[in-house]
1. Considering all alpha-carbon pairs of segment 29-114, what whole percent are spaced by more than 22 angstrom?
2. Note down the nm distance, to one decimal, between modelled labels 7 Å out along Cα→Cβ at Gln95 and at Glu39.
3. So how much slack lies between Ala61 and His117, counting 0.36 nm per residue of separation and subtracting their Cα-Cα distance, in nm?
4. So what's the back-of-envelope 222 nm ellipticity for the chain, counting only DSSP H runs of four-plus at -39500 (n - 2.57) apiece and dividing by all residues, rounded to 500?
5. With every protein chain present, what is the per residue accessible area of the chain (1.4 Å probe, Å²)?
6. Once amide H atoms are placed 1.01 Å from N in the peptide plane, what residues at a sequence separation of 5 or more from Asp57, or on another chain, have their amide H within under 5 Å of its amide H?
7. Would you work out which of His83, Leu45, Ser150 lies farthest towards the positive end of the dipole of the chain? Charges go on Cβ: Lys and Arg +1, Asp and Glu -1.
8. How much of the accessible area of the chain, probe 1.4 Å, is carbon plus sulfur, in whole percent?
Amino acid sequence: MTSFQRRKAAGDAHEQYVAEQLTMRGWDVNPWGQGLLTEQIQDALRKTDSFIRWIPDLIAAKDTDLVLIDCKTRMTSRSTGRHAVERSAVHAHAQLVGWTLLPVYYVFDNLDVLTPHDVLTTGRQGPHSIAGSGAPYFLIPATATHRFDSLFGSGSPAAPWGIAS
């Protein structure tokens, strides 16, 4: 299995976990984003600078609240206690918030949550990554995050996902 396939499998599992956690809290959740597109279109999007490349993974509704969720798998450093979000994604999601008037949330493995605004105001520009795509990232202290339950309601106690631990 290639590195991309391993990252994709972990990402798919995290998306499923986040969807389950939202559902337990009374949210209706649907997949969104590139995962619904054919491989050929996904490959073509990866080679562009188009902001649609950064469509969040999930869309969820509860009563009249509607949110977009971008699941972040293996994007937390155990040694530094910081989350990482690719700079291009943050810039695209800031535009998406302005265009759709809907909030975008980044949900990490431990269910920490950030918004593009949080990342832009509390993050530091990190170096180009040596793993994955090699893209530049923002690094954000895990202490600057929102708790999942405070934003999406409490449900049954969530077992820690553990990918980043």
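1. The calculated P(r) of segment 29-114 puts 29 percent of pairs beyond 22 Å.
2. 2.9 nm
3. Taking Ala61 through His117 to full extension adds about 18.1 nm, to one decimal.
4. Details: 5 runs with 56 residues, N = 165.
Calculated at 222 nm, the ellipticity per residue is -10500 deg cm²/dmol.
5. Numbers: 9290 Å² over 165 residues.
Solvent-accessible surface per residue comes out at 56 Å².
6. Amide H neighbours of Asp57: Ile69, Asp70, Cys71.
7. His83
8. Summing carbon and sulfur atoms, their accessible area is 55 percent of the total for the chain.
The values are calculated or read from the model by the stated rules, or taken from the named source; none is laboratory data. Here the structure is a predicted model, which means the values were calculated and not measured. Cβ sites come from the backbone with ideal geometry, for glycine too, and all protein chains shown count toward neighbours. These accessible areas exclude ligands, DNA and RNA; they are computed on the full protein's heavy atoms, side chains included. Shrake-Rupley method; radii C 1.70, N 1.55, O 1.52, S 1.80 Å.
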